[in-house]
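Step one of this worksheet: look at the structure below.
The values are calculated or read from the model by the stated rules, or taken from the named source; none is laboratory data. This structure is a prediction, so every number in the text was calculated from the model and none was measured. Cβ: placed from backbone, ideal geometry, glycine included. Neighbour counts: every protein chain shown.
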Amino acid sequence: MNTEEKTWGTELNPGGLSHDKKHNRRRRILIIIGVLLIVIISEFFRSNLYISVEEIDYLNKDIPKAFNNVKIVQISDYHNHGGSYDDRLIDKIKQESPDYIFITGDIADSIKTDIDKANSFLQRISAVAECYLVWGNHDHRLAAEDLNKMRSCCKKYGITVLENEFTTLTREGQSILLVGSDAAPDTGKGPELMRTLPSGEKFVMWLHHFPEDFEKIVTESEKRGSKVDLLFCGHAHGGLIGVPFVGGLYAPGQGMFPKYTSGRYNIDDSTMLVSRGVGNSGWSLRWANSFHLVVCTLKSGQT
């Protein structure tokens, strides 16, 4: 009688796997880990090199007919990037053939400051289209001398700087009110701006660095008899790290899992467009969150 028994999972081979099978399993695990590392590293380079363009059509019946199909390119959070990157960025902007360029703050970087790079970029984009600019938190952290150098550069090359002020865009005898604020509506010069806003304007656009102020700007402007139709903001850097099915991980001024990081948001009849920015601050880097140009085409909706 044959008493030999075949057993699996002995002390010498607890998994019951042959040497070849165990070797293949390890190999598969290493391949999966390798693929994941390649994906993570590739996305890291893509996010910190690639410039995505988001095309947005904005329809509003109050947009004057003369502004129908007017194209706006928004630039935010450049952080004196410089180098050959500037050539690619400016080429992207030129390809859009914008009527206006709106610059929503942090052209310079207060951590790794290079005013010459910031001013060189301002000079180059001023030749592309009519430019309007508001300062961001990094710009205001600069030494007074450096910020004045940027002001002088803007003046020299025809870039309109709005420091809690408003102006008028005019085409074919029709106009749009453009407001530029670099302070929260309830601090600093915000209240002064709100008090001087004209009321009853048909269509109002805003430039403001901080998207977390969206609700305050809408509420406070309405109290003053004005309004916010279309607001352009930056600052959030897209949440720095993109989390699948969640969004950005962290944004200054909003903290973890921020509400406003990229694209279009609405409060009643007010719309905010948020750029993820075209540069990095200091030593910060991005992942699953590429550089970002917002291209907004106005649609008047009038016949």
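What about Gly282, is it in contact with a Lys or Arg (Cβ under 7 Å, 6 or more places away or on another chain) and over 24 Å from Ile56 (Cα atoms)? Spell out the reasoning first.
Working: in contact with a Lys or Arg (Cβ under 7 Å, 6 or more places away or on another chain): yes; over 24 Å from Ile56 (Cα atoms): yes.
Against the criterion (in contact with a Lys or Arg (Cβ under 7 Å, 6 or more places away or on another chain) and over 24 Å from Ile56 (Cα atoms)), Gly282 qualifies.
Tell me the residue from Ser97, Ser110 that is in the same structural domain as Glu212 (by TED's automatic domain parsing) and within 23 Å of Ala236 (Cβ to Cβ), please. First the steps, then the outcome.
On the way: Ser97 fails: within 23 Å of Ala236 (Cβ to Cβ).
Among Ser97, Ser110, only Ser110 is in the same structural domain as Glu212 (by TED's automatic domain parsing) and within 23 Å of Ala236 (Cβ to Cβ).
Applying the selection to region 227-248, what residues are buried (at least 19 other Cβ atoms within 10 Å of the Cβ), assigned to a loop (DSSP other than H, G, I, E, B) and aliphatic (A, V, I, L, M)?
Val228, Ala236, Leu240
Of (1) at pLDDT below 95; (2) closer than 24 Å to Ser52 by Cβ, Phe210 satisfies all except one. Which?
Condition (1) is where Phe210 drops out.
Could you list, in sequence order, the residues of region 174-193 that are touching a helix residue (DSSP H, G or I) at 6+ places or on another chain (Cβ under 7 Å) and surrounded by fewer than 21 Cβ atoms within 10 Å (Cβ to Cβ)?
Scanning region 174-193 gives Gln174, Ala184, Asp186.
Are any residues in region 54-70 assigned to a loop (DSSP other than H, G, I, E, B) and of a type in the set (Lys, Arg), and if so, which ones?
Going residue by residue through region 54-70, those that are assigned to a loop (DSSP other than H, G, I, E, B) are 60-64, 68-70.
Within region 54-70, Lys61 is the sole residue that qualifies.
Here are the criteria: (1) within 25 Å of the chain's Cα centre (by Cα); (2) in a loop (DSSP other than H, G, I, E, B); (3) over 19 Å from Glu163 (Cα atoms). Tell me which single one Glu201 does not satisfy.
Only one criterion is unmet by Glu201, namely (1).
Look at Gly158 and say whether it is farther than 30 Å from Met256 by Cα and in contact (Cβ under 8 Å) with a residue 24 or more places away in the chain. Explain how you work it out, then say what you get.
Numbers: farther than 30 Å from Met256 by Cα: yes; in contact (Cβ under 8 Å) with a residue 24 or more places away in the chain: yes.
When the stated conditions are applied, Gly158 passes them.
Which pairs do you get when a residue that is in the same structural domain as Gly190 (by TED's automatic domain parsing), found in region 207-232, comes within reach of a residue that is among the charged types (D, E, K, R) and surrounded by fewer than 23 Cβ atoms within 10 Å (Cβ to Cβ), reach meaning Cβ atoms under 6 angstrom, with the pair 6+ apart or on two chains?
Ser221/Lys227
What is the number of the single condition among (1) surrounded by 12 or more Cβ atoms within 10 Å (Cβ to Cβ); (2) assigned to a helix (DSSP H, G or I) that Leu37 does not meet?
Here Leu37 meets the rest and fails (1).
Could you check region 71-168 for helices (runs of 4 or more DSSP H) lying wholly inside it with 1 or more residues that are of a type in the set (A, V, I, L, M, F, W, C) and surrounded by 15 or more Cβ atoms within 10 Å (Cβ to Cβ)? Outline the logic, then answer.
On the way: elements: 85-95, 115-126, 137-141, 144-156.
Because the criterion is at least 1 residues that are of a type in the set (A, V, I, L, M, F, W, C) and surrounded by 15 or more Cβ atoms within 10 Å (Cβ to Cβ), the helices (runs of 4 or more DSSP H) in region 71-168 that meet it are 85-95, 115-126, 144-156.
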